[in-house]
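Below is one structure, written out as structure tokens, with a few remarks after it.
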Amino acid sequence: FVFGNNFLLRTPSIDSSPSQLIIMMLFVVLTVFAFATVRSDYTCAPAVDCELTCTDSTTCKGTVNASQATSLTLSCEASYSCQYADIYLPTAVSMTTAISCSGTGACSYTNFHYEGDATSSPEGNSITLTCATDDACNYADIYADNAGQFVLQCDGIECSGLNLHVRNAQNVDLQCTSAGSSSGACSSLDVYAHNVSSTVSVSCTGYRACYSLTVNAQRANILSIAATPGGIYGGEFNGQNIGSSFDITCVGNETHDGCSNYPVFVLPQASADFSKFRLSCYGKGCNDIELRRPQGGDSLSALSASTINFNGCLQCAGDARYGDCVHVRVSCYDTSYYTTS
């Protein structure tokens, strides 16, 4: 039996009969299940800096409430140590939160909650989440609308299926890095960054680091996307009704395209804003990418107001197929047809 975090185990008597052996086996299974599903809650003291290190698989699996603390430093070191937890961040306008998920599956299926509002003074409000090993943050949900500065670092294969809600933040920095031949640091990750007052920055470094990544940055001030060779594979990046600029840089080489497999870039709504859109393709940077007119948006016939650069110099040295290698295929989806150049 389980009472809170205390355990009371009562062992039945055993004889050699089959029925008693079956009962004992069921008892062992239920006991193991009880231990495996323990949720330990932790509340930080108010008005102090809160530091918590989770070094086993049960310590931080319940609710971690740091809402009244002045800062939070949380380290989920052990495998599955913060899995399924509900973590409430400090709500103060001026606060710092640094969370590290370094154990296998340490923050998978974890819910992170910021319930404050830093929109009046966002500079002193900082949240950083680092996912630093395999499956560390898979299928986590982050609710950080109205935060100030938000940074998510995914290194390896860590953030698959994660949902990031950062509407109305000041700055959002998403860093996706795949090592070697591994892929999918930010696989099928969904970002909701509407109305970000300054910059949404997305960096896709390494092979398929941003695999089917979706970024919704409608009405953000700046959306900046950068991919190294192999960095972006599919996905959708929405810069509809952008404030100042929508910049995309895709760098490919003789081995990998920079942006490929039909990633969709949704352009500004009004043709008067096409001048805010800049696309730079280096080497095999842009191979089968789609520039899409948003529903109800102006025709792409005025796309000439945008800045689009193709540059192959020195990106594919030694590749006989492409020479110094401008290799581009860009599709513009305007009404009911594609045009390719």
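Some notes on this structure:
- Under 9 Å, Cβ to Cβ, from V196 - net charge with Lys/Arg +1 and Asp/Glu -1: +2
- Normalised alpha carbon radius of gyration of the range 158-315 [divisor 2.2 N^0.38 Å]: 0.97
- Descending by average beta-carbon neighbour count within 10 Å, the peptides 45-56, 120-131 line up as 120-131, 45-56, the highest first.
- Using the Cβ-Cβ distance between T128 and T43 with R0 set to 22 Å, the FRET efficiency from 1/(1 + (r/R0)^6) comes to roughly 0.50.
- Label-point gap, in nm, between F310 and Q68 - each point 7 angstrom along Cα→Cβ: 6.3
- 5 angstrom amide H check on D257, placed H, neighbours 5+ away: G230
- Across the range 205-211, rounded Karplus estimates of 3J(HN,Hα) from the backbone phi angles (6.51 cos²θ - 1.76 cosθ + 1.60, θ = phi - 60°) give 10, x, 4, 6, 4, 10, 9 Hz, Gly and Pro being marked x.
- Given a 1.4 Å probe and the protein chains as shown, K276 ends up with an accessible area of around 50 Å².
- For A169, the amide hydrogen comes within under 5 Å of the amide hydrogens of N146, A147, S197, counting only partners 5 or more places away or on other chains and with H modelled in the peptide plane.
The values are calculated or read from the model by the stated rules, or taken from the named source; none is laboratory data. Worth saying up front: this structure is predicted, and the values here are computed from it rather than measured. Quick reminder, even Gly has a Cβ in these numbers, built from the backbone with ideal geometry, and neighbours come from all protein chains shown. These area figures cover heavy atoms from the full protein model, side chains too; ligands, DNA and RNA do not enter into them. Shrake-Rupley method; radii C 1.70, N 1.55, O 1.52, S 1.80 Å.
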